[in-house]
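One structure is given below, encoded as structure tokens.
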2 protein chains.
Amino acid sequence: MKQHAIAIHGGAGTILKSSMTDEKEAAYKNALQAALLAGEKVLEAQGSALDAVEMAVRSLEDNELFNAGKGSVFTHDGKHEMDASIMDGKNLMAGAVAGIDKVKNPVSFARMVMEKTEHVFLSGAGAMELARKLNVQQMHDDYFFTQQRFEQLAEIRNSDKMQLDHSDKKFGTVGAVALDVHGNIAAATSTGGMTNKKFGRVGDSPMIGAGTYANNASCAVSCTGHGEFFIRAVVAYDVACLVEYKGLTLAQACEKVVNDKLVKLGGEGGLIALDKAGNISLVFNSEGMYRGYKRQGEDMYLGIYK
Amino acid sequence: MKQHAIAIHGGAGTILKSSMTDEKEAAYKNALQAALLAGEKVLEAQGSALDAVEMAVRSLEDNELFNAGKGSVFTHDGKHEMDASIMDGKNLMAGAVAGIDKVKNPVSFARMVMEKTEHVFLSGAGAMELARKLNVQQMHDDYFFTQQRFEQLAEIRNSDKMQLDHSDKKFGTVGAVALDVHGNIAAATSTGGMTNKKFGRVGDSPMIGAGTYANNASCAVSCTGHGEFFIRAVVAYDVACLVEYKGLTLAQACEKVVNDKLVKLGGEGGLIALDKAGNISLVFNSEGMYRGYKRQGEDMYLGIYK
């Protein structure tokens, strides 16, 4: 039996202590803790890393503080378009959805794509047709309505600007990586995209290799950041390749990708990564990243700022 | 000035000499030759690798023999949903579109996404909104109608079967990689997807890292095959990482990915790859792959079978 472990993130960006109240900070920390505990509960019961990352991400999706699931931002048309993906490091199975609405937990729908279809990646109206066929849990639009998000859209709707999340530069995404007692790892990512998003933009979150990757042979990775740069840099798989092919430690690989390669490209954000040995890296080149991890038998770590 | 070079593919799969007529074979070879010449013309005039792969792929998209652009297969709903992507190895800029219809040359639209928006990847109805805004050339549905494709759909429409292309197992995709005299490389891929496709399925073709990748530091790659496996294996970027991080030659890297890793995963198909030194690899694990390449000052190579 291995020592199990789980790490999560709730987005990165310009998250400054100076613009945070104590109450808000406590609310974020509670939410991160709840998500870690939801995942750890699975791992404690000798459940799979795959189940653990799904449960942790569902917890974050159900909390309106984060830009995923319930707290998703509004598109230009006043709708919600959510993306998610999940990957099992044991067998490289993967599932992803992009541009879906109404679905309560996009990460669970991504898992259904992985397990109940021959496909990996479904998008838009076609994906929603499958959601209805599979009885994926859907909610009315008012479930996804939050006053704060609506005001964010109202502010910039008539501009050409698109915002990654509520503050000036905040990359709203949630994600989890986990190692179970059987020695398997997994990763999952979910997002509500960009406020005032147009043109069916797809970010890195639903892209296996860019926003999410897991392979027992290397590591499990979930990203959050300016998606376009993460796609061009194939970030999640780049970390895995630096570990597997170049022999870097997990920490070195994450550092190289986030604080060297991405910075040179101009890509702001961060990622969480974990490997079979229980190493964990939470790395970001932005002001802050909502993050946390918990290893079996150790104290929980929670962080927001640099 | 470097020696310029270009390579193309028109899909892989069960392509058998025994089921091919001389006429059909000649038609395919003519089409491959025309695409190579379209790309080479750009390179001869000291144009960019990016222009060359776009022109070569446009030529293949305009030919109804291939499952991309004009020759795209029908979805379950009797429509066409096309995907394409393009990447510039000089600066890692990239553009991609998924689930679009009516657009004459999806590869050129992908390039417009790269050059005229802040985004990399647009999909579905939202992408089509941008196509109209940018006056991307659109055609009536009858342009995309080909009797052969329609009969393919009619055969399997009432089944749950999905076909990758017209024969039993043919992965209809087109793609190009090129090296220009300035020493830059680029890659592009375009596809009409799967006959009887449902649920907004997205394959590897529009995914940077999976179906397409280009980086002067390593290589340019365009894939064709059973997309789900190519996504899970992050094929295009895997080739690049094996070259850059593990020090394999381009040929060794392509061989490892296509004839070892993909085979173990169960993924059928192939890829074309090229690097700054002008090395070219055309590798597939299926019965055949429509393919060809042309290096400056050398004879053209065209191939179909193993």
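The values are calculated or read from the model by the stated rules, or taken from the named source; none is laboratory data. Model, not experiment: these values are computed from the prediction. Methodologically, a virtual Cβ is constructed for each residue, glycine included, from the backbone with ideal geometry; neighbour enumeration extends over all protein chains shown. Keep in mind that these areas ignore ligands, DNA and RNA; they rest on the heavy atoms of the full protein, side chains included. Shrake-Rupley method; radii C 1.70, N 1.55, O 1.52, S 1.80 Å.
Would you be able to tell me the number of residues in the range B:63-87 that are open to solvent by less than 40 Å² (accessible area, probe 1.4 Å) and over 25 Å from residue B:31 (Cα atoms)?
1
Being over 22 Å from residue B:200 (Cβ atoms) and under 23 Å from the mean Cα position of the chain (by Cα) is the filter; apply it to the range B:113-122 and report the residue that is surrounded by the most Cβ atoms within 10 Å (Cβ to Cβ).
The initial filter retains those residues of the range B:113-122 that are over 22 Å from residue B:200 (Cβ atoms), namely B:114-116, B:118.
Then keep just the ones that are under 23 Å from the mean Cα position of the chain (by Cα); that gives B:114-116.
On the way: B:114: 21, B:115: 12, B:116: 12.
It comes out as B:114.
Does residue A:279 satisfy the criteria of being more than 14 Å from chain B (Cβ to nearest Cβ) and surrounded by fewer than 24 Cβ atoms within 10 Å (Cβ to Cβ)?
On the way: more than 14 Å from chain B (Cβ to nearest Cβ): yes; surrounded by fewer than 24 Cβ atoms within 10 Å (Cβ to Cβ): yes.
Yes; evaluated as a whole, the condition is true for this residue.
Tell me, which helices (runs of 4 or more DSSP H) lie completely within the range B:106-153 with 3 or more residues that are in contact with a strand residue (DSSP E or B) (Cβ under 8 Å, 6 or more places away or on another chain)? First the steps, then the outcome.
Working: elements: B:106-116, B:124-133, B:141-144.
Counting at least 3 such residues, we get B:106-116, B:124-133.
Would the range A:3-21 turn up any residue that is under 25 Å from residue A:111 (Cβ atoms) and of a type in the set (Ser, Thr, Tyr)?
no
Residues in the range B:131-154 that are open to solvent by less than 80 Å² (accessible area, probe 1.4 Å) and either more than 14 Å from chain A (Cβ to nearest Cβ) or touching a residue at least 60 places away in the same chain (Cβ under 8 Å) (or both): how many?
Our first condition is that a residue be open to solvent by less than 80 Å² (accessible area, probe 1.4 Å); within the range B:131-154, this holds for B:131, B:134, B:136, B:138-139, B:143-144, B:146, B:149, B:152-154.
Now restrict to residues that are either more than 14 Å from chain A (Cβ to nearest Cβ) or touching a residue at least 60 places away in the same chain (Cβ under 8 Å) (or both): B:138-139, B:143-144, B:146, B:149, B:152-154.
The qualifying residues number 9.
Among the residues of the range A:80-93, write down those that are within 11 Å of chain B (Cβ to nearest Cβ), touching a residue at least 24 places away in the same chain (Cβ under 8 Å), in a loop (DSSP other than H, G, I, E, B) and not aliphatic (A, V, I, L, M). Before the answer, list the steps.
Filtering the range A:80-93 down to residues within 11 Å of chain B (Cβ to nearest Cβ) leaves A:81, A:83, A:85, A:87-88, A:91-93.
Imposing the further condition that a residue be touching a residue at least 24 places away in the same chain (Cβ under 8 Å) reduces the set to A:81, A:83, A:85, A:87-88, A:92.
Pick out the ones that are also in a loop (DSSP other than H, G, I, E, B) and you get A:81, A:92.
Within the range A:80-93, just A:81 meets the criteria.
Going by the conditions given, is residue B:74 more than 10 Å from chain A (Cβ to nearest Cβ), in contact (Cβ under 8 Å) with a residue 24 or more places away in the chain, more than 17 Å from residue B:56 (Cα to Cα) and outside any helix (DSSP H, G or I)? Please lay out each step first, then the result.
Details: more than 10 Å from chain A (Cβ to nearest Cβ): yes; in contact (Cβ under 8 Å) with a residue 24 or more places away in the chain: yes; more than 17 Å from residue B:56 (Cα to Cα): yes; outside any helix (DSSP H, G or I): yes.
Criteria met by residue B:74.
Mind listing whichever residues of the range B:179-205 are within 30 Å of residue B:46 (Cα to Cα) and either away from every other protein chain (no Cβ under 14 Å) or free of Cβ contacts under 8 Å to residues at least 60 places away in the same chain (or both)?
Correct list: B:179, B:180, B:181, B:182, B:183, B:184, B:185, B:188, B:189, B:190.
Which one of these does residue B:165 not meet: (1) at pLDDT 85 or above; (2) more than 10 Å from every other protein chain (Cβ to nearest Cβ)?
For residue B:165, the exception is condition (1).
Here is a check on your reading of the model: is residue B:85 over 24 Å from residue B:196 (Cβ atoms) and either of a type outside the set (Val, Ile, Thr) or at pLDDT 95 or above (or both)? Steps first, please.
On the way: over 24 Å from residue B:196 (Cβ atoms): no; either of a type outside the set (Val, Ile, Thr) or at pLDDT 95 or above (or both): yes.
Here the answer is no, as residue B:85 does not meet what is asked.
What residue, of B:110, B:125, is small (Gly, Ala, Ser) and surrounded by fewer than 16 Cβ atoms within 10 Å (Cβ to Cβ)?
On the way: B:110 fails: surrounded by fewer than 16 Cβ atoms within 10 Å (Cβ to Cβ).
Answer to the selection: B:125.
What number of residues in the range A:213-235 are more than 9 Å from chain B (Cβ to nearest Cβ) and surrounded by 24 or more Cβ atoms within 10 Å (Cβ to Cβ)?
Number satisfying all stated conditions: 11.
If I ask for residues that are of a type outside the set (D, E, K, R), farther than 20 Å from residue A:126 by Cα and open to solvent by 10 Å² or more (accessible area, probe 1.4 Å), which ones from the range B:93-104 would you list? Don't jump to the end; show me each part of the working.
Narrowing the range B:93-104 to residues of a type outside the set (D, E, K, R): B:93-100, B:103.
Now narrow it down to the ones that are farther than 20 Å from residue A:126 by Cα: B:93-95.
Correct list: B:93 only.
Would you mention how many residues in the range A:171-205 are of a type in the set (Phe, Trp, Tyr) and under 14 Å from residue B:121 (Cα atoms)?
Residues meeting the conditions: 1.
How many of the residues making up the range B:101-130 are facing chain A (nearest Cβ under 9 Å) and in contact with a Phe, Trp or Tyr (Cβ under 8 Å, 6 or more places away or on another chain)? Explain how you work it out, then say what you get.
At the first step, the residues of the range B:101-130 found to be facing chain A (nearest Cβ under 9 Å) are B:113, B:117-130.
Imposing the further condition that a residue be in contact with a Phe, Trp or Tyr (Cβ under 8 Å, 6 or more places away or on another chain) reduces the set to B:113, B:117, B:119, B:122, B:126-127, B:129-130.
Residues flagged as facing chain A (nearest Cβ under 9 Å) and in contact with a Phe, Trp or Tyr (Cβ under 8 Å, 6 or more places away or on another chain) within the range B:101-130 amount to 8.
Looking only at the range B:23-49, count how many residues are open to solvent by less than 10 Å² (accessible area, probe 1.4 Å) and closer than 21 Å to residue B:137 by Cβ.
Here is the first cut: in the range B:23-49, the ones open to solvent by less than 10 Å² (accessible area, probe 1.4 Å) are B:28, B:31-32, B:35-36, B:39, B:43, B:49.
Filter again for closer than 21 Å to residue B:137 by Cβ, leaving B:31, B:35, B:39.
Looking only at that region, the number is 3.
Of (1) closer than 23 Å to residue A:89 by Cβ; (2) out of contact with any Ser or Thr (no Cβ under 6 Å at 6 or more places or on another chain); (3) touching a residue at least 40 places away in the same chain (Cβ under 8 Å), residue A:286 satisfies all except one. Which?
Checking residue A:286 against (1) closer than 23 Å to residue A:89 by Cβ; (2) out of contact with any Ser or Thr (no Cβ under 6 Å at 6 or more places or on another chain); (3) touching a residue at least 40 places away in the same chain (Cβ under 8 Å), the one that fails is (1).
Within the range A:168-186, take every residue that is of a type in the set (D, E, K, R) and modelled with pLDDT under 95 and give me the one that is surrounded by the fewest Cβ atoms within 10 Å (Cβ to Cβ). Quick ask: steps written out before the conclusion?
We begin by selecting, within the range A:168-186, every residue of a type in the set (D, E, K, R); these are A:168-170, A:180.
From what's left, modelled with pLDDT under 95: A:168-170.
Details: A:168: 10, A:169: 16, A:170: 22.
Only one residue tops the list, namely A:168.
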